[in-house]
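Enquirer: I'd like to ask some things about the structure below.
Each reported figure results from applying straightforward, stated rules to the coordinates on display, with no laboratory input. What you are looking at is a predicted structure, and each value in this text was computed from that prediction instead of being measured. Every residue, glycine among them, receives a Cβ derived from its backbone with ideal geometry; neighbour counts consider all protein chains shown.
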Amino acid sequence: MKKGVSFSVIPIIALLGVLALSIWAGYQLSIGSSYNKRYGDVFSEDPSVFKMETVKKILEDGLKFSAQDASLEIAANGGTGSTTFWYCAYEDKIPTPEEVKYHFSNLIKTSLNAYAKNSNAGDLFEINVDIPEYTCTGVYDNGESKCSSRDSSECEDFWVTATGNSQIILKEPNVLKEDDSISAIIPQNRFWWIYYRLYDDYNGNSVHEQIQNSVCVPGESINRGEVRGRIESALNEVCRRYENSVLDGYVDCSYEIDCFFEMDGSRNCLNTLCSREPFNEELCDSPEVVRVAGKTNDNDVEKVFFQDCTPYREDHSYSDTDWLRFRIVLKDSKYNIPSMSKDLKNLVWKIQGAIIIDYNQCPIEWTVNIDPCSGGSNELPGGVTPEPPPY
Amino acid sequence: MMKGQTLEMLGFLILSVAVIGIIIFMRTYLAGSYGKTLSSLTERQETEGMRSGLNTILQTTDPKTGRKMEELIGIGVYTEKSELDFGRDSNGDQLKVNVFKDLEERLDAIYGKGKWHLELPYPDLPFYAQVVIVVDTSASLCDDVENMKRLPDIINNLNEMIKQKYPIKDKDKDRITATVYMLSGGNAGCCEPDYDGQTYLGCSRFEANKRETNVFRCRSINSLDCPRSLRPSDSLHWTNEEDWGRGLACIADNGPPEGWNGASTKIGIILSDELSTGNENQPEAQEASLESAINYANSIDMFVFPIKADTGIACCPSCSGCRSECNICVSYNGEQTSLFTERTCAMDSELISHMEGLMAGVNPPEFRQVYELEDSTEVTTAISDIIKDVAEREVPTVKLGAPIPQDRKVNTVTVTVPIPFIGGYTNLYLYQWQ
């Protein structure tokens, strides 16, 4: 009996052991699942965070490309969003740093929003994300004190920022929201250095004044046909000054006289407007320009009536005004900048002017040799022939 | 005794079944669950490791240029260049970087040589072209310009084709604009009277309602405010009807009526049967004119395609004893006459090399073949072909690393990379295996 009981107890104990083992196994099973779930959760968050970071990095690159392209366009315009005349009629209208920053940042904003918008278009952009429109971009130069220095080394980069005061929303794999503010540094770009050097140089060095003073010395008359040469000489002097004392050896200066008609003030050299209103942040997005009041007096073709056939000389004098349209082109070959164009570009600042040259204190004088019997002839000093109209 | 033995055997049997059941249960669920977790972890580690390796490379800043690899890759793909030149640093040292070579070295270091493959396709940007056509207005071009009457319709058709090909959201936006600029100075009385009854080569060769549309315009070169240096003989008038080099330069400087768009593909087409400035013996003037064209075209990244109009050489292939019946009408001292001189004939081959010189100075190698017309009926077709050729130009995908093996498990990562084309992206595809 004792032996039978002892034999039957063994399987019961063993069974209890098996039951305990089953409970342990079940517990272990639940731990395995929870680990799996926990790892799963962690891993689904990680890709979300990674994707959000990727989106922001892409936008930062977009901000960089936008700023670099905008720097080329604003500089080529002369400091604003459209052709900027630093000299207009009798007025000097040098764009202020705030004005330049305003137009510069507006252009960056437009370009950056193209990147933001295209992230939602088509299937190229692999990440499913909502990027709100950027409403504000900022451009931060290294400060006028650093950028006004003759040495450009402390003003060869600048910061740009952008915000829409909103959130980027990542939709997959998890919904994740993050502030949309981004920033980027734009390296190897001397936009601000050239601008501040020119801006500072303007004080006391108006190109308009230089041209006027070079063309017209009060009390001295000018021979007809000499004005263009004097203008070219003045612009040449301006260029050499820019190259030698304002900027540095990387900047080449050249100029073009786009329009000049000596002794024909009726041609105002402008089929666009050169003036712009004083900078006002609310209006500067599309600066309202005012038509320049051009001279309207026509210089009639000289008519001479003859009484007899004796040749004679007739002295003439012109003491009115002429229009001159010029552009000074400053090409910075130190750095090449990525742009919408497929090549890297040099930064080119253009200073444009549409000015009035006043001869009231230095009349243009010339003599006409009249031969009434042969129909008359004009002879100008140096054998200069008057230029025909362009069109 | 029997009862006890039976109970004992039954107990052991139950025990055995229970133990086997637990073993099967643990094998199936417990170890399986751990295994799955482990396998999933391994897979994720591999992918994340690969991704973070690539991310590390993309976010690495190049010490020379101060730019991240991601930015450099975007620039490299868009400009179709591996070697990027960012100018010079303050010490005067060149800021050059070979972006795809650097990328290759870095990927080799992280994934091992021969264990990865990378593809960077050129971004599929909607084709948008601004075409300007410079037309020599000397008398011999009368018949060629006559054929160009069809051009406004051809440009319209091309626009429709492009709109069909690309999934453009703004369906109404025109993708191709063309502006014909007539050089000024010719007094080609040889031409038949045009729509306005004129016999010179001007915009009235085109129907009045087609001269000025959204996609096609015709203008005189004199409507442009060209810099003085770009006017032949430095005069205010455009006096040379054959100076297509400076003509193109002037147009490149001014742009079409709507202005150059930074994002457009710019195409300059020249139609002439003589060297720029004419076939006379004036190599310096011809060279200077060509140089202007090259400089200005390069400054705006314009593709240039000269079309060599029929010079009449087929009538006199040996260039000796050429007869006036070759029927090249010229206007000389106010009179029209048929003339085909031996010099005109001899300059035929000179013209081809002259035009090829222009293309070599501007275009990539695949676009250096001069379009030669056999007769004037081919003008519009040639212009249309040029635009199509540029539109269908295939930019090869950048491929780096080893070919992808067929018999291995390959991990893939795709990363979107922005490009300098405003709003543009491309994708970087990385394949990696053990």
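Enquirer: What is the extension gain from B:S40 to B:E258, computed as 0.36 nm multiplied by their sequence separation minus the C-alpha to C-alpha distance, in nm to one decimal?
Expert: Answer, rounded to one decimal: 72.7 nm.
Enquirer: Specify the angular offset, from 0 to 90 degrees and rounded to the nearest 10, of the alpha carbon long axis of helix B:69-79 from the longest principal axis of the alpha carbons in chain B.
Expert: Tilt of helix B:69-79: around 40 degrees.
Enquirer: If you fit an axis through the alpha-carbon atoms of helix B:151-165 and take the longest principal axis of the Cα set of chain B, what angle between them do you get, 0 to 90°, nearest 10?
Expert: Rounded to the nearest ten degrees, it is 0.
Enquirer: Which is farthest toward the positive dipole end of segment B:1-127 among B:A109, B:G74, B:T28, measuring Cα position about the Cα centre, with Cβ charges +1 (Lys, Arg) and -1 (Asp, Glu)?
Expert: B:T28
Enquirer: A further question follows. Assuming R0 = 25 Å, what is the FRET efficiency of B:Q282 and B:D375, from their Cβ-Cβ distance, to the nearest 0.05?
Expert: The pair B:Q282/B:D375 has a calculated efficiency of 0.30.
Enquirer: What nm value, rounded to one decimal, do you get for the distance between A:I169 and B:K64 when each label is placed 7 Å out toward the C-beta?
Expert: Between A:I169 and B:K64, the simple spin-label model gives 4.5 nm.
Enquirer: Then there's this: Once the other residues with Cβ under 12 Å from the Cβ of B:R211 are scored (Lys, Arg +1; Asp, Glu -1), what is the net sum?
Expert: Once positives and negatives cancel, what remains is +1.
Enquirer: Rounded to the nearest 0.05, what FRET efficiency is calculated for B:A208 and A:Y90 with R0 set to 60 Å and r the Cβ-Cβ distance?
Expert: Between B:A208 and A:Y90 the formula returns 0.85.
Enquirer: Which entries of B:K64/B:K399; A:K64/A:K146; B:K96/B:K308; A:K171/B:K113 show an alpha-carbon separation above 28 angstrom in the structure shown?
Expert: B:K96/B:K308; A:K171/B:K113
Enquirer: With every atom except the alpha carbons ignored, what do you get for Rg and Dmax of chain B, in angstroms?
Expert: For chain B, the Cα radius of gyration and maximum Cα-Cα distance read 34.1, 145 Å.
Enquirer: Would you mind getting me the FRET efficiency between A:T110 and A:D200? Use the beta-carbon distance for r and R0 = 25 Å, nearest 0.05.
Expert: 0.25
Enquirer: Next question. Please enumerate, by chain and number, the aspartates and glutamates with C-alpha under 14 Å from the C-alpha of A:K101, excluding those fewer than 8 residues away in the same chain.
Expert: Straight-line reach from A:K101, under 14 Å: A:E73, A:D141, A:E144, A:E281, A:E282, A:D285.
Enquirer: Could I ask something else about it? Rounded to the nearest 5, what is the percent of antiparallel bridges among the DSSP beta bridges in chain B?
Expert: Once the DSSP bridges in chain B are tallied, antiparallel ones form about 50 percent.
Enquirer: Could you give the length gained by full extension between A:E53 and A:S148, i.e. 0.36 nm per residue of separation minus their alpha carbon distance, to one decimal place?
Expert: Gain on stretching A:E53 to A:S148: 30.5 nm.
Enquirer: Which whole-angstrom value gives the distance between the alpha carbon centres of segment B:381-434 and segment A:47-108?
Expert: If you average the Cα positions of each part, the centres end up 30 Å apart.
Enquirer: Follow-up question, since we're still on this one. From Cα pairs below 8 angstrom and at least 6 apart in sequence, can you work out the relative contact order of chain B, rounded to a whole percent?
Expert: About 20 percent, as a whole number.
Enquirer: A follow-up question, please. As a quick test, which of the pairs B:K81/B:K115; A:K57/B:K36; A:K331/B:K163; A:K109/A:K177; A:K57/A:K177 have an alpha carbon distance above 27 angstrom in this structure?
Expert: A:K57/B:K36; A:K331/B:K163
Enquirer: Under a plain spin-label model, where a point goes 7 Å from the Cα along Cα-to-Cβ, how far apart in nm are A:V329 and B:I23?
Expert: Going by the 7 Å Cα→Cβ label model, 9.0 nm.
Enquirer: For peptide A:53-62, what's the mean number of Cβ atoms from other chains within 10 Å of each residue's Cβ?
Expert: 5
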